[in-house]
Structures are given as C-alpha cells and as structure tokens.
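The values are calculated or read from the model by the stated rules, or taken from the named source; none is laboratory data. None of the values given here were measured: they were computed from a predicted structure. As a convention, Cβ positions derive from the backbone with ideal geometry for all residues, glycine included, and neighbour counts pool all protein chains shown. Remember, those area values only see protein heavy atoms, side chains included, never the ligands or the DNA or RNA. Shrake-Rupley method; radii C 1.70, N 1.55, O 1.52, S 1.80 Å.
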Amino acid sequence: MGELTENLAGLADAIVRPLVDAPDDLEVTAFETEDGNVMVEIRVAADDAGKVIGRQGRVIKAIRTLARAAASRSGKLVDVELID
C-alpha cells in the first residue's frame with residue numbers, strides 16, 4: 001500500500017473515531033483501484049452509521065472533501081464510502 005493510501009486511511013480514522021460510540025468496531029481500509037485512484041472504505045457499528053453520515057449527509061460529505069483535498073497534489077481521485 002502506498003504512502004498516500006495509508007495517509008488517507010489515517011485521516012479518515014482520525015475524523016471518524018471521535019464521532020462513534022463503538023470505536024472498537026471502526027474499520028478503515030484504503031486501497032488503489034484498477035484505474036489508479038484511491039478508495040477509502042469505512043465500516044462502523046450499525047448504530048453509529050447515522051453519526052458518520054450526519055444530517056443530510058453533511059459529515060460524510062465533509063470527510064470526502066477533506067480526503068480529496070489531502071490527495072489533490074498527487075493528482076489521484078479519492079472516493080470515500082461508508083460500508084453497511
């Protein structure tokens with residue numbers, strides 16, 4: 001795994017961990033897709049999914065914005081998904 005993918009996984013973990021009630025259930029994985037972009041997957045307990053999504057999706061949208069800004073210099077596209 002490249003340094004960028006590790007950094008993006010750490011960024012997502014640092015943002016989401018304080019939001020959830022069950023941080024032991026938090027799992028963040030990042031990997032490069034076939035087209036060279038980066039996918040960050042966030043898995044949380046079912047009760048915490050609403051906290052990560054936020055009202056009208058504001059929190060997950062902010063996480064996506066931060067991840068894309070962090071990767072902007074590399075020229076790679078980043079997608080952040082919340083996995084049920």
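If you stretched the chain out fully between Glu81 and Met39, how much longer would it get, using 0.36 nm times the residue separation minus the C-alpha to C-alpha distance? If you can, show how the numbers build up before the last one.
Working: separation 42, 0.36 × 42 = 15.12 nm, distance 0.77 nm.
Extra length available between Glu81 and Met39 comes to 14.4 nm.
Per residue, how many Å² of accessible area does the chain show with a 1.4 Å probe? All intermediate terms of the calculation are to be shown ahead of the outcome.
Working: 5260 Å² over 84 residues.
For the chain, the per-residue accessible area is 63 Å².
Could you report the accessible area of Lys51 in Å², rounded to 10, computed with a 1.4 Å probe on the protein chains as they sit in the structure?
Using a 1.4 Å probe on the heavy atoms, I get roughly 80 Å².
Out of Val28, Gly57, Val44, whose Cα points farthest toward the positive end of the dipole of the chain (charges: +1 Lys, Arg; -1 Asp, Glu; placed on Cβ)?
Value: Gly57.
Using alpha carbons only, how many degrees (0 to 90, rounded to 10) separate the axis of helix 58-70 from the longest principal axis of the chain?
20 degrees
Hey, of [x] -0.26, -0.62, -1.23; [y] -0.41, -0.72, -1.26; [z] -0.67, -0.88, -1.11, which did the structure itself give for log10 I(q)/I(0) by the Debye sum over Cα atoms at q = 0.11, 0.17, 0.25 Å⁻¹ when calculated?
Computed from these coordinates, log10 I(q)/I(0) by the Debye sum over Cα atoms at q = 0.11, 0.17, 0.25 Å⁻¹ corresponds to label [x].
With n ≥ 4 as the cut-off for DSSP H runs, can you work out [θ] at 222 nm for the chain, using -39500 (n - 2.57) per run divided by the number of residues, rounded to the nearest 500?
Here the helix-only value at 222 nm equals -11500 deg cm²/dmol.
Relative to the longest principal axis of the chain, what angle (0 to 90°, nearest 10) does the C-alpha long axis of helix 3-16 take?
20 degrees
Residue-wise, which Karplus ³J(HN,Hα) couplings in Hz belong to the range 19-31, taking 6.51 cos²θ - 1.76 cosθ + 1.60, θ = phi - 60°, and x for glycine or proline?
Each residue of the range 19-31 in turn: 7, 8, 7, 10, x, 5, 8, 6, 9, 10, 10, 9, 8 Hz.
In the chain, carbon and sulfur make up what percent of the accessible area (probe 1.4 Å)? Walk me through the numbers before you get to the answer.
Values: 2630 of 5260 Å².
So the carbon and sulfur contribution to the accessible surface is 50 percent.
Restrict the search to the range 9-84; then list the GluC sites (Glu not before Pro) that DSSP places in a loop and that have at most 12 other Cβ atoms within 10 Å of their Cβ.
Working: sites: Glu27, Glu32, Glu34, Glu41, Glu81; in loops: Glu34.
The qualifying sites are Glu34.
In debye, nearest 20: dipole of the chain around its Cα centre with unit charges on the Cβ of K, R (+) and D, E (-)?
640 debye
Between Arg58, Arg43, Arg68, which gets the highest mean-square fluctuation from a Gaussian network model of the chain, Cα cutoff 10 Å?
Arg58
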